[in-house]
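The values are calculated or read from the model by the stated rules, or taken from the named source; none is laboratory data. Fair warning: this is a prediction, and the values are worked out from it, not measured in the lab. For neighbour counting, all protein chains shown are included, and Cβ atoms are generated from backbone atoms with ideal geometry for every residue, glycine included. Surface areas here come from the heavy atoms of the whole protein model, side chains and all, with no ligands, DNA or RNA. Shrake-Rupley method; radii C 1.70, N 1.55, O 1.52, S 1.80 Å.
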Amino acid sequence: MGCEETVHRESVLHRAVLAGDEQAWHALYDENFDALYRYVQWRCGGMSSLGEETVQETWLTAVRRIRRFDPRQGTFQAWVRGIAANQLRNQFRRQRAGAGGSGEIDWEQAISLPPEAAAENREQAEQIAAALAALPNQYEQVLRAKYVDALPVAEIAHSLSQTPKAIESLLSRAREAFRRECLQRDDLSP
C-alpha cells in the first residue's frame, strides 16, 4: 500500500473510531499489534514481562489519546511506537530516580523474570533495553528499521527521504552510539 493510500485508509479509520465504530478500532489494533509487540520486545532487550506491560500501557494510552493521532503526520504504527518508546523512557527514568539517582536500576523489583533465566542474560537484557531507551529517536528508528523490520537500506532510505549512503552512515553512527551506551551501562554495573 502506498503512502497516500495509507494516509487515506487511516484517516477513514480514525474518523470512524472517533465516531464510536468499534470495528474500526479493532482494524487498527489488529493491523498494528504484532509490529508493536515485536518493536517493544526489541526495545526491552527481550525482557518479556516489561515488554508485555509496556504493550498493554501503550494501547491504553492510545485509546485515551486517539484524538491526537493525525494520519497526515505519520502512520498509526509510528504513532503507537512513539507512545511505547515514551512509556519505556519514563519507566527507566522512574527506576533510576527510585534507585536514588545513582544510575542503578532495581530490576528485581521492576521485572519478574523466570527463575531459569541466567543472571548474565538478565543483565544483558537490562543493558540493551536501557541503551536503546537512551538513544536519540533518529538512531532508534534506523536501527529498528534495519534489525526489527528487516528492511533493506534502500527501502529505509526511501521511507526517510534519504540516500542509501546517508542511511548507511546513520546506521554506522547509531550502532556506535548503541555500543557506547552498552559499554557505559556495563561500567555502571556493580
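For residues in segment 41-77 being of a type in the set (A, V, I, L, M) and open to solvent by 60 Å² or more (accessible area, probe 1.4 Å), which is farthest from ALA27 (Cα to Cα)? Checking each candidate, the answer is LEU60.
GLY101 passes every criterion in (1) modelled with pLDDT under 75; (2) in a helix (DSSP H, G or I); (3) of a type in the set (Gly, Ala, Ser) apart from (2). For segment 131-139, the count of residues that are assigned to a helix (DSSP H, G or I), surrounded by 15 or more Cβ atoms within 10 Å (Cβ to Cβ) and without any contact (Cβ under 8 Å) to a residue 24 or more places away in the chain is zero. May I ask you to say which residue of ALA133, ALA129 is at pLDDT 65 or above and touching a Gly at 6+ places or on another chain (Cβ under 7 Å)? Every option except ALA129 fails the conditions.
Take PRO190 and decide whether it is open to solvent by 10 Å² or more (accessible area, probe 1.4 Å) and modelled with pLDDT of 85 or more. No. Of the residues making up segment 140-160, those that are of a type outside the set (Gly, Ala, Ser) and in a helix (DSSP H, G or I) are GLU140, GLN141, VAL142, LEU143, ARG144, LYS146, TYR147, VAL148, VAL153, GLU155, ILE156, HIS158.
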